Amino acid sequence: MGMCLAWEKPEVLAMEKIPMTPEGLGRLEEERKRLMSEERPRIIRAIAAAREHGDLKENAEYHAARERQSFIEGRLAELDDLVSRAEVIDTTKLSGDVVRFGATVLLADEDTDEKSTYQIVGTDESDINSGLLSITSPLAIALIGKTKGDSVEVATPGGAKSYEIISVKFA
């Protein structure tokens with residue numbers, strides 16, 4: 001079996017861009033800054049202090065600090081990757097009545113008439129409790145391309161749910 005060289009397969013070199021709002025990118029950069037300026041120095045001090053307690057094999061503080069350091073370094077690498085691949089989409093420059101990335105959608109549950117509002121955002125900035133819906137979620141996938149007045153049906157763990165799109169805004 002021959003070796004596969006990167007230049008023989010250009011798709012190996014192509015990094016997939018990640019759609020993101022300016023706010024989402026800002027949150028990732030803020031987390032990275034906090035890890036670099038606060039968490040990393042704190043854990044380095046904790047490791048140094050734990051080392052002073054002698055035998056490292058049975059030093060739980062040392063092992064916990066090293067585990068935390070490993071987590072921080074892994075998260076920093078992940079954040080560096082996400083930030084480098086971010087394709088920032090300024091949602092304030094978008095308009096129209098078709099649901100797409102960045103849209104804030106007001107929905108009404110067709111069974112209960114309960115209303116909910118979601119903004120469709122990148123995967124790494126989603127937070128359903130804050131109304132930030134990942135573009136890869138089943139609900140967002142069902143909404144993309146639809147307009148005000150359309151109905152969508154989404155499979156949920158509790159069974160199929162139907163929603164009517166009340167409004168589509170870009171802010």
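Working only within segment 124-171, note down all residues that are surrounded by fewer than 13 Cβ atoms within 10 Å (Cβ to Cβ), aliphatic (A, V, I, L, M) and more than 19 Å from Glu87 (Cα to Cα).
Ile128, Ala155, Ala160
Contact list please: Cβ distance under 7 Å, first residue in segment 129-157 and under 18 Å from Gly102 (Cα atoms), second residue small (Gly, Ala, Ser) and exposed (fewer than 13 other Cβ atoms within 10 Å of the Cβ), pairs at least six apart or on different chains.
Correct list of pairs: Pro138/Ala155.
Let me spell it out: the conditions are (1) open to solvent by less than 60 Å² (accessible area, probe 1.4 Å); (2) at pLDDT below 90; (3) under 30 Å from Thr147 (Cα atoms); (4) of a type outside the set (S, T, N, Q), and Lys93 meets all of them except one. Which number is the exception?
Unmet for Lys93, out of (1) open to solvent by less than 60 Å² (accessible area, probe 1.4 Å); (2) at pLDDT below 90; (3) under 30 Å from Thr147 (Cα atoms); (4) of a type outside the set (S, T, N, Q): (1).
Assuming Tyr118 fulfils every condition listed in (1) closer than 24 Å to Glu30 by Cβ; (2) at pLDDT below 95 apart from one, which condition is it?
(2)
The values are calculated or read from the model by the stated rules, or taken from the named source; none is laboratory data. Note that the coordinates shown come from a computational prediction; the quantities given were computed from them, not determined experimentally. All Cβ positions, glycine included, derive from the backbone under ideal geometry; neighbour counts span all protein chains shown. Ligands, DNA and RNA are stripped out before the accessible areas are found, and what is left, the full protein with its side chains, is counted by its heavy atoms. Shrake-Rupley method; radii C 1.70, N 1.55, O 1.52, S 1.80 Å.
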